[in-house]
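Working notes for the structure below.
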2 protein chains.
Amino acid sequence: MNRAAPATAGRTRARKGEGELLHSEILDAAERLLIETGSEEAVSIRRIAEAVGVTPPSIYLHFADKDELLLAVCERQFGELHRVMEEAVEGVDDPVEAVYRRGKAYVRFGLDHPEQYRILFMRAADHTMDAPDEARVRDASAFHHFVDAVASAIDSGALPKGSDPVVVALELWSVVHGITSLLISKPMFDWPDADALTDHLLTAACAGLMATPPFSAPPTRRRSRR
Amino acid sequence: MNRAAPATAGRTRARKGEGELLHSEILDAAERLLIETGSEEAVSIRRIAEAVGVTPPSIYLHFADKDELLLAVCERQFGELHRVMEEAVEGVDDPVEAVYRRGKAYVRFGLDHPEQYRILFMRAADHTMDAPDEARVRDASAFHHFVDAVASAIDSGALPKGSDPVVVALELWSVVHGITSLLISKPMFDWPDADALTDHLLTAACAGLMATPPFSAPPTRRRSRR
DNA sequence: CCGATAAGTTAACGGCGTTATCTTCAGCCT
DNA sequence: AGGCTGAAGATAACGCCGTTAACTTATCGG
């Protein structure tokens, strides 16, 4: 509200020491707009610029385009999701309980920040594909933590010994992601309590995996995708 | 390509008998654009109008706005999904096998039509909330079929007797939806074969549900959402 | 002191969804 | 037959969007 006042022309800020300041200010504004409006479309470059107190083209001095900006917001949210999940397992020794807690924290995060969750996990593949590898690494790293947790659970005997932790992690992730995603996008049904539902499903999933021969990819072609 | 030529002004078609013709032509074009470009943003009113050979405002004689148009496309896709699922269980007597087939058909549909799937299941709640009830009814009806299938499986003893078919259906739906959604939006990981994965997960889920006491909502408040 | 560079600015382009207004014709009523 | 009505188009325009080009100015290294 204060900047961009001079009207004469040229600059207002950046006494050269500020450097990357605007960069994070833009991210803040974008994130705030996203949360306040709850809609990705409402987060426009022009609105963000206005919120920061700067003209739209200035944004492009810090981000290549809108996609990169939103991706950067995603990264932040990803960090936050990672944080709440780690926080949820703090001081928890039982590896199975840890997996449960992670799952519930994940679902809760999704329900608390639906729009961010949508951006994180419901975006077109293209957007994440040709983006800088950072995003993928970030994803992979968060996922890796979960794989570790699953591996511990396997070691503890709560999940079948012979199974591939990566596959099991993918499957459990599918389960939590499925609930989260449906709860977010289909509030029309009379969903039971999310936490209890997650608990029940994870319990069932773990029990089911125990009672089922470990997954092995069929001999013919892996990666069928199209 | 042929219409809109007269340049003089006024009309070109609609000799009064054609009535709802343009309506479905628009839907066809929208659907085609969606499939060809594989991106919701690329499907603009103006492009659709051009494809049909008509000016943009004409679209609004048949649809209130772009959302309603896309929703109508969704309805069609929903019908298609419903069709492939029914087709998948044709002649299948074993209720458990029927549930599996439905699940696999669902996942395959999602992978074959990712953009449509995204619109169907990854849209904001708002869009489906204030839309005409049709969409919800349609959703509910497709879901109802699945609930019936689950109920049969419960009757057959493949799923625990005391359990609520609706809850079980929701849970199984979560599972398939989770895989589908992750496979679509996170192709970065080395996913195993989708069909085999679905099979394994559904098997595990059913086995798990059998080995777990049926879900019962906690006594305190149902519908926690936020 | 003087260029170079960084970080803003203004102006503009093309595309979008949408609306207001006008035109033309098919079909009905008399 | 002749005129009215309403449906189904067209044209022109508004305001928003992402993005780019060209300009301006302050800061700093030499």
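The values are calculated or read from the model by the stated rules, or taken from the named source; none is laboratory data. This is a predicted model, so every value here is computed, not measured. Positions of Cβ are backbone-derived with ideal geometry, glycine not excepted, and every protein chain shown enters the neighbour counts. Heads up: the accessible areas ignore ligands, DNA and RNA and are worked out on the full protein's heavy atoms, side chains in. Shrake-Rupley method; radii C 1.70, N 1.55, O 1.52, S 1.80 Å.
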Can you work out which of the residues in the stretch B:30-58 that are within 24 Å of the chain's Cα centre (by Cα) and within 13 Å of DNA strand D (Cβ to nearest atom) is modelled with the lowest pLDDT?
B:E41
Would you tally the residues in the stretch B:132-158 being at pLDDT below 75 and either more than 8 Å from chain A (Cβ to nearest Cβ) or open to solvent by less than 70 Å² (accessible area, probe 1.4 Å) (or both)?
9
Being near DNA strand D (Cβ under 7 Å from one of its atoms) and within 14 Å of chain B (Cβ to nearest Cβ) is the filter here, so list the residues in the stretch A:59-72 that pass it.
A:D65, A:K66, A:D67
Restricting to the stretch B:1-29, what's the tally of residues that are away from DNA strand C (no atom under 11 Å from the Cβ) and modelled with pLDDT under 60?
5
If a residue has to be at pLDDT below 55 and open to solvent by 30 Å² or more (accessible area, probe 1.4 Å) to count, how many in the stretch A:107-131 make the cut?
4
Could you tell me which residue of the stretch A:30-54 is least open to solvent (accessible area, probe 1.4 Å), considering only residues that are more than 14 Å from DNA strand C (Cβ to nearest atom) and not in a helix (DSSP H, G or I)?
A:V43
